[in-house]
Amino acid sequence: MVLEGTERELVRACQRGDRDAFRALFEIHKDRVYSVALRFSGDPSDAMDIAQDTFLKLFSCLGSFRGQARLDTFIYRLVVNRCLDRKRKLRRLLPLAEDWASTLRATGDGPVEALLRTQMRGSIRAAVEKLPPELRMVIVLRYTEGLAYDQIAEVLGCSPGTVASRLNRAHKTLERRLAHLVSEKGGGRV
Amino acid sequence: MSDWLKRELSSHLAPAQAPHALWERLERPPESLAGKARSWTRWPIAAMLTLAAAAGAYWLPARPPESEFPTQLLAVQSAGRPDPSGDWALHCTLPARKVVYQVAAFSPQRIPVSPMVIASAPGDGIGCRQCHSTIVN
């Protein structure tokens, strides 16, 4: 069965036009693609568009995929390119309604703590949103996907040193922009 | 870099679950793309048809109907001028009058329009009648 096959078998089945294989491939990678798109764009609607474009591109170019790179790296490249191509003016990372819904869902804390967490999340995401695209993408791949420096370098087509440099710049910028949160919380331990 | 920032970034930029609607959107794109393409082609076609209709509405009434009668001579004579060969400004002068003549001349029933309605002076409307000779006095 296709779903139990290895990645290579899955790709071969897709190349033969097996619909189940496409669905299986989608199920494996959908959260990864959507997460990168959402954390980069900050907007669920934009993220859906980016994810849709990414999978359409993936399905259309799988026929020429010869396994020269790992499939997940290949997919990361596709979604990263689609994110960076999207030169839309950025809006707030998540709509207000979702923030309030998140507040209500935070059952472990009291309402004040939940509200503070929501505000903290909004501030951090807004600070990430203001980063230049190349720095923001490094942050997303590092903290959303947990990729190592060399994996990020492979996805972005640059050296690990460049990745480290971009991460360093992004961290410094974020620390500067979020300094008020640190001081408000008495040493920054929220 | 502070551990606090790393921890907060990991927490607040955590992976998200893709909505179920994503697969449905992937199954639909050929139709939606075709629809988009059709909608884009509709606009130029609609614009061209509108322009053609506007141009037709403007130019067709202005075209003088073909007639075997010496319309210029008849128009001048009906205006009571003694010398039909005189130098007349045989053109539709005022736009409002021209429109009335055009409507009368090209309405399906060929509605008769009296020159008195349109012309306040003896020479007025001669040009219109010359152009639109189907008007019945």
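The values are calculated or read from the model by the stated rules, or taken from the named source; none is laboratory data. Here the structure is a predicted model, which means the values were calculated and not measured. Using ideal geometry, Cβ is built from the backbone for each residue, glycine included, and neighbour counts are taken over all protein chains shown. Note: accessible area is taken over every heavy atom of the protein model, side chains too, but ligands, DNA and RNA are not part of it. Shrake-Rupley method; radii C 1.70, N 1.55, O 1.52, S 1.80 Å.
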Between A:ASP43, A:ASP31, which is under 14 Å from B:ALA18 (Cα atoms), of a type outside the set (Lys, Arg), open to solvent by 10 Å² or more (accessible area, probe 1.4 Å) and within 8 Å of chain B (Cβ to nearest Cβ)? A:ASP31
Is it fair to say A:LEU71 is modelled with pLDDT of 90 or more and assigned by TED's automatic domain parsing to the domain that holds A:VAL11? no
So, B:GLU31, is that one part of a helix (DSSP H, G or I), at pLDDT 85 or above and acidic (Asp, Glu) or not? no
What number of residues in the range A:12-28 are open to solvent by 10 Å² or more (accessible area, probe 1.4 Å) and closer than 24 Å to A:GLY146 by Cβ? 2
Answer with yes or no whether A:SER165 is out of contact with any Lys or Arg (no Cβ under 8 Å at 6 or more places or on another chain) and modelled with pLDDT of 95 or more. yes
Can A:LEU94 be described as crowded, with 18+ Cβ neighbours inside 10 Å, closer than 19 Å to A:GLU145 by Cβ and at pLDDT below 80? yes
What are the pairs, 6+ residues apart or on separate chains, where a residue within the range B:19-45 that is among the polar types (S, T, N, Q) has its Cβ under 9 Å from a residue that is at pLDDT 55 or above? B:SER32/B:ARG25
